[in-house]
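Scroll down for the structure; my scribbles are underneath it.
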Amino acid sequence: MLKIFLMILFMMPLCFFKNLYWMVQNLLFMISFLFVFLNYYSGSWGSISYFMGCDILSYGLILLSFWICVLMLMASEGIYRNNNYSSFFVFMVIILLIFLYLTFSTMNLFLFYLFFESSLIPTLFLIMGWGYQPERLQAGIYLLFYTLFASLPLLVGVFYIYSELLYLEFLLLFSDMINVLLYISLIFAFLVKMPMFLVHLWLPKAHVEAPVSGSMILAGVLLKLGGYGILRVIPLIQSVNNIYSWYWVSVSLVGGVLVSFICLRQTDLKSLIAYSSVAHMSIVLSGLLTMTSWGMSGAYTLMIAHGLCSSGLFCLANISYERMGSRSLFINKGMLNFMPSMALWWFLLSSCNMAAPPSLNLLGEISLLNSIVSWSWISMFMLALLSFFSAAYTLYLYSYSQHGKLYSGVYSFMSGLNREYLLLFLHWFPLNLLILKSDVCMLWL
């Protein structure tokens, strides 16, 4: 694992050479393919060291981090074209990738906490440095304070665990600690990061103000840190979780339905996709906390699938924004006449978003439905509404933006670029290809 880390580390000087962003991008592609071919998941804990290790859970999320970071560089053409501090931008993406890589590969709970929090800093720089409106300052403060408010108890919880057990290695954290305060302090930071309904307000705000790269990494990887953290600490707090999990699950499911209603009245493309992320992560959280193998495997699958699908939708929203100069659905109408070939990609990624076969989202949602209904059949009502309305707002997004009469203020015509089609293909293709290797998602349990 250290060899991959050193590869990324030695790429940092390349960021500061003029017009060498393409080199960084290609090298990152190369490293991600190397990571696949090195095939770390040989056993249940394929590659273990004292500092960095990798099981399948880490493997999938590290690969997702590499992939999304490469695509972020590919999507941010405007930054290079206008020379808007492009070197510093590439540097920030590399720093963020290093923190994410270390978060997912570390074997120690304290180091996990350290890198989990560190990933906030480059994200904040991306939002406040390359965001669109002056409100990005407020969005950055929201992001900072929501995360820090929740994660301070987590740090205290980590120190308490160390004082009790005298070790913090993930492999050994199987002693069940029956302590309600510890349970809340350990799980709350991850619920905010997911984000769970009621502590989700930072997410739409951050998404709307972030540049396309910020939105992609937020939706693609940073929301998955919460799920990953819960999966890692849950063996410590199993018995307390069995008592209190109904509360989080019920808030998530009801919240998911309410957020779906909010989606149906959004007029901002990015805002709609951001709220749909909250709805998807609510079902992931519910599946996780049922503590069944179906639920955990389904949550892992849907986290990977949502990372690719949501990131692709943000790319599409940005492509429309660059053409029309607005993200409003009232102006982005009739795009089928304006950019016919882009409408195909809207259709493909929207259908993945509503879990149509053969996407990985379908596998994840079926597993999660299994686990949540077997946990409590009453949840079936909310799940039915959630599934129906998630299809409804995705159809609303697709049909409202692609059909109808073209906005009369459009004064120029430009179809998609090869770079954009490649970018969208690299989101959609792995998402549908991974269904063929779905057994991996069940292997890590």
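On the stretch given as region 293-330, residues that are more than 28 Å from MET74 (Cβ to Cβ) and either in a helix (DSSP H, G or I) or under 14 Å from the mean Cα position of the chain (by Cα) (or both) total 7. Are any of the residues in region 272-292 open to solvent by 10 Å² or more (accessible area, probe 1.4 Å), at pLDDT below 95 and part of a helix (DSSP H, G or I)? No: zero hits. With the condition kept exactly as written, say whether any residue in region 120-128 is in contact with a strand residue (DSSP E or B) (Cβ under 8 Å, 6 or more places away or on another chain), closer than 27 Å to MET52 by Cα, at pLDDT below 95 and outside any loop (DSSP other than H, G, I, E, B). Scanning region 120-128 turns up no residue that is in contact with a strand residue (DSSP E or B) (Cβ under 8 Å, 6 or more places away or on another chain), closer than 27 Å to MET52 by Cα, at pLDDT below 95 and outside any loop (DSSP other than H, G, I, E, B). So, of the residues in region 370-401 that are more than 26 Å from SER271 (Cα to Cα) and of a type in the set (A, V, I, L, M), which turns out to be surrounded by the most Cβ atoms within 10 Å (Cβ to Cβ)? This residue is ILE372.
If you go through region 241-263 and pick out every residue that is in contact (Cβ under 8 Å) with a residue 60 or more places away in the chain, open to solvent by 60 Å² or more (accessible area, probe 1.4 Å) and farther than 13 Å from GLY287 by Cα, you end up with 4. Residues of region 59-81 that are of a type in the set (Gly, Ala, Ser) and under 18 Å from LEU360 (Cβ atoms): GLY60, SER65. Taking helices (runs of 4 or more DSSP H) that fall entirely within region 1-117, which contain at least 1 residues that are more than 24 Å from ILE319 (Cα to Cα) and of a type in the set (Gly, Ala, Ser)? Qualifying helices (runs of 4 or more DSSP H): 21-38, 56-75, 86-105.
Identify the residue in region 327-370 that is touching a helix residue (DSSP H, G or I) at 6+ places or on another chain (Cβ under 8 Å) and aromatic (Phe, Trp, Tyr) and, among all such residues, is farthest from LEU316 (Cα to Cα). Only one residue fits best here, namely PHE338.
Taking the condition in a loop (DSSP other than H, G, I, E, B) and either under 15 Å from PHE110 (Cβ atoms) or not hydrophobic (A, V, I, L, M, F, W, C) (or both), does GLN138 pass?
Values: in a loop (DSSP other than H, G, I, E, B): no; either under 15 Å from PHE110 (Cβ atoms) or not hydrophobic (A, V, I, L, M, F, W, C) (or both): yes.
No, not satisfied.
The set of residues in region 108-122 being surrounded by 23 or more Cβ atoms within 10 Å (Cβ to Cβ) and within 17 Å of TYR142 (Cα to Cα) consists of SER119 alone. Going by the structure shown, is VAL249 in contact with a Leu (Cβ under 7 Å, 6 or more places away or on another chain) and farther than 18 Å from GLY214 by Cα? When the stated conditions are applied, VAL249 passes them.
Against the list (1) closer than 25 Å to TYR421 by Cα; (2) in contact with a Cys (Cβ under 8 Å, 6 or more places away or on another chain); (3) among the hydroxyl-bearing types (Ser, Thr, Tyr); (4) crowded, with 24+ Cβ neighbours inside 10 Å, the condition SER105 fails is (1).
The values are calculated or read from the model by the stated rules, or taken from the named source; none is laboratory data. Computed from a predicted structure; not experimentally measured. Neighbour counts run over all protein chains shown; Cβ positions are idealised from the backbone, glycine included. Calculation scope for accessible area: heavy atoms of the full protein, side chains included, ligands and nucleic acids excluded. Shrake-Rupley method; radii C 1.70, N 1.55, O 1.52, S 1.80 Å.
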